[in-house]
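The structure under discussion appears below in the form of structure tokens.
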Amino acid sequence: MPFFGSANEKKWIKGINPNIDKRTNGYKLRREGTKKSTQVLLELLDQVSRYNIPAQYLVFDSWFSYPKVILDVLERNLNVICMPKTLPHVHYR
């Protein structure tokens, strides 16, 4: 069983098995585990919008509160409630 949880291949405990059927949910979850968490967040928001699940706000912790992520969420017509990340070179208004 492969263990990922990081976009950095050096942190993987076990590599990708090329014999896994790419149509299975297990493969899709393993592939998702190799992506950056901010990228997965945006992909999940796109999935929610396809299923017409109504939402006006997205609430998340400072872990996701990069300016780029906030702008990408705003482009999906969702308001953002989050704890801003404390970065010396980024200023929020």
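Observations, loosely collected:
- On the beta carbon distance between Y57 and N17, with R0 = 30 Å, the FRET formula returns roughly 0.15.
- Checking the cross-link pairs K28/K68; K10/K36; K10/K35 against a 20 Å limit on the alpha carbon distance flags K28/K68 as lying beyond it.
- Gain on full stretching of the segment that runs from N25 to N79 - 0.36 nm per residue minus C-alpha separation: 16.4 nm
- Listing R31, R93 from fewest to most neighbouring C-beta atoms within 10 Å gives R93, R31.
Each reported figure results from applying straightforward, stated rules to the coordinates on display, with no laboratory input. Just so we're clear, the structure is a prediction, and the values are computed from it rather than from any experiment. Backbone-built Cβ (ideal geometry, glycine too); neighbour counts: all protein chains shown.
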